Amino acid sequence: MSIINQNTDTLDIVLPGLMRRYTERVPDVKKILNSMISEGIIGTEKDIENDHIAFRTMGVPRLGIQSFEKIFLHYGYEKKDHYFFEGKKLDAWWYSPPRETDPRIFVSELRVGDLSEESQRIIKSYTDEVISDPVDNLDLNNGEDVDAFLHTPLWRTPTLSDYLTLLKESEYAAWVIYNRYYLNHFTISVHNLPEGYNTVSDFNVFLEKHGISLNTSGGKIKTSPDGGLIQSATVAQMLEAEFADGETYKISGSYVEFAERKVLTKFQNLPTDQISRKNRRDGFEATNADKIFESTYTTQTGK
Ligand code: OOG
Ligand code: NI
């Protein structure tokens, strides 16, 4: 077996593992998929094209993107463009997949050093428990180990008071201190769906008809300046979270995103049945992403 095949075989364990736990945590996923099936938009869940998945990380030594990305680089993902979110104090990169059928990956990282002394002290009190880069101690060829790693806490359960202090300064920081590497969202590609559902605008109508709440930050439809990437997202599902000492509190979990990628101008004359992923607008867009991050923010979840 070639190295490439071995690595994508492992990816075929890791990706379904992520989707399984995410689907359990986010009831909107099943609700949307079941509504798509009952309305005849798709035959089965397998007909869904997953445009991308996303993760959030803490930018501290031994963790953050430099650690996390080693997992997916090993499976043949390729690091692409960088995005910077000044107001939210975040960096992000996207990764293109080894196969056209795999989702892209979007990974962001909190610029912890840009936060107040107090928030930095709180974050480090947790992340300092990680004394060596955990990905270096992982057998990346063992899909079950990687799956377990992505769903095992790297630091102790936070206290509610630390969570609430972080929430005031950075909603992203509070999200990661509790949710860690849990999948932040998966993304349904809408452009290959049947007429009436194949634009974000039409798909949003379908979602709202089925009682799904959409992120309204910057408007429900987020469009890139070049017009080629159109996105929308649900408001994150709330979870009853258990904090240290058994205290419970409702916090944001994960959400679902929708993406429409337009055919690039130079492929405009291709017959529809010959259009594949490489003929469409690729990558991400910082102005869209900036608003999509807010799907987990209290300004959206508290509406
Ligand atoms: C990621 C938000 C950005 C996109 O597709 O631009 C994003 C996040 O909420 O962590 O998903
Ligand atoms: Ni996204």
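Points to keep in mind about this one:
- Estimated FRET transfer efficiency (Glu242, Glu195; beta-carbon r; R0 45 Å; 0.05): 0.45
- In plain terms, the chain from Arg62 to Ala148 could stretch by 29.1 nm, reckoned as 0.36 nm per residue minus the Cα-Cα distance.
- Sparsely packed loop sites in the range 202-303 (the GluC sites (Glu not before Pro) outside DSSP H, G, I, E and B with at most 16 other Cβ atoms within 10 Å) comprise Glu247.
- Result for the chain in a Gaussian network model with C-alpha springs under 10 Å: among Asn50, Asn34, Asn184, the largest mean-square fluctuation is at Asn34.
- Rounded to the nearest 20 debye, the dipole size of the range 3-301 about its Cα centre is 600 debye, using +1 on the Cβ of Lys and Arg and -1 on the Cβ of Asp and Glu.
- Beta bridges per DSSP, both residues in the chain: antiparallel share near 70 percent.
- When you filter the trypsin sites (Lys or Arg not before Pro) in the range 33-140 for DSSP loop state and at most 13 other Cβ atoms inside 10 Å of their Cβ, you are left with Arg99.
- For the range 1-93, GluC sites (Glu not before Pro) meeting the loop criterion (DSSP other than H, G, I, E, B) and having at most 13 other Cβ atoms within 10 Å: Glu86.
- If R0 equals 30 Å, the separation of the Cβ atoms of Ala286 and Glu208 corresponds to a calculated FRET efficiency of about 0.70.
- Straightening the chain between Glu39 and Ser132 buys 28.5 nm, computed as 0.36 nm per residue apart minus the Cα-Cα spacing.
- J(HN,Hα) series, the range 75-80, from Karplus relation 6.51 cos²θ - 1.76 cosθ + 1.60, nearest Hz, glycine and proline x: 8, x, 6, 10, 6, 10
- Computed from the C-beta positions of Arg25 and Asp273 and an R0 of 35 Å, the FRET efficiency is 0.40 to the nearest 0.05.
- Amide N of the range 264-302 lying under 15 Å from the label point, which is placed 7 angstrom from the Cα of Thr101 along Cα→Cβ: 277
- Taking 7 Å steps out from each Cα toward its Cβ at Glu117 and Thr298 produces label points 2.5 nm apart.
- Between Asp81 and Lys168, the modelled labels are 3.7 nm apart [label points 7 Å from Cα along Cα→Cβ].
- Cα centre as origin, Lys/Arg/Asp/Glu Cβ charges: the range 96-223 dipole, Debye: 520
- Neighbourhood net charge (12 Å Cβ-Cβ; Lys/Arg +1, Asp/Glu -1) for Glu86: 0
- Hydrophobic, long helices, defined as DSSP H runs whose alpha-carbon span along the helix axis is 30 Å or greater and whose mean Kyte-Doolittle value is at least -1.0, occur in the chain at 3-25.
- Put simply, the amide H of Leu214, placed in the peptide plane, has neighbours under 5 Å in Val235, leaving out anything fewer than 5 places away on its chain.
A short reminder: the numbers here are calculations on the coordinates, not readings from a lab. Note that the structure is predicted; figures quoted are calculated from it, not measured. Neighbour counts are summed over all protein chains in view; Cβ atoms, including those assigned to glycine, are modelled from backbone coordinates with ideal geometry.
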